[in-house]
Amino acid sequence: MKTKLALAALALASTSVFAGHAAVEAAKEIIPLKDGGNLYIFPDGKMGKESRVGTSVYLKKGEVLEAANGRSIPVTSNEVARMDYLLSKDHSNN
């Protein structure tokens, strides 16, 4: 249990400084990637990617992403529109 909590805290602490609070709140899991970005896994199991500079990235179903810890993660969905909305939500005046 301690290990899971530590990993969750590390994942949240390592998210980009540009990440919108809404994206962090919406995600079930955030996985730091080797390229400096983050993979967001939502409660419905769908995935979205944030680049190292805080922008949403198009994912191709079937591509394999490499986590910072070396783990390979196959892409099962592309939630680029959801990521774009969540990352920009905290920066709009609406």
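Every read-out reported here was derived from the displayed coordinates using simple, explicitly stated rules and does not represent laboratory data. The structure presented is a predicted model; accordingly, all values stated were derived computationally and were not measured. Cβ: placed from backbone, ideal geometry, glycine included. Neighbour counts: every protein chain shown.
Which Rg and Dmax, in Å, describe the Cα atoms of region 49-89?
When restricted to the Cα atoms of region 49-89, Rg and Dmax are 10.9, 31 Å.
Can you give the local net charge around L59? Use residues other than it whose beta-carbon is closer than 13 angstrom to its beta-carbon, Lys and Arg +1, Asp and Glu -1.
Surrounding charge for L59 is 0.
Taking the alpha-carbon distance from K89 and a cut-off under 16 Å, which aspartates and glutamates remain once sequence neighbours fewer than 8 residues away in the same chain are dropped?
E25, E50, E79
First select every other residue whose beta carbon is under 12 angstrom from the beta carbon of K34; then total the charges, Lys and Arg +1, Asp and Glu -1.
So the environment of K34 carries a net charge of 0.
Could you compute the net charge surrounding I73? Neighbours are other residues with a C-beta less than 11 Å from the C-beta of I73; K and R count +1, D and E count -1.
0
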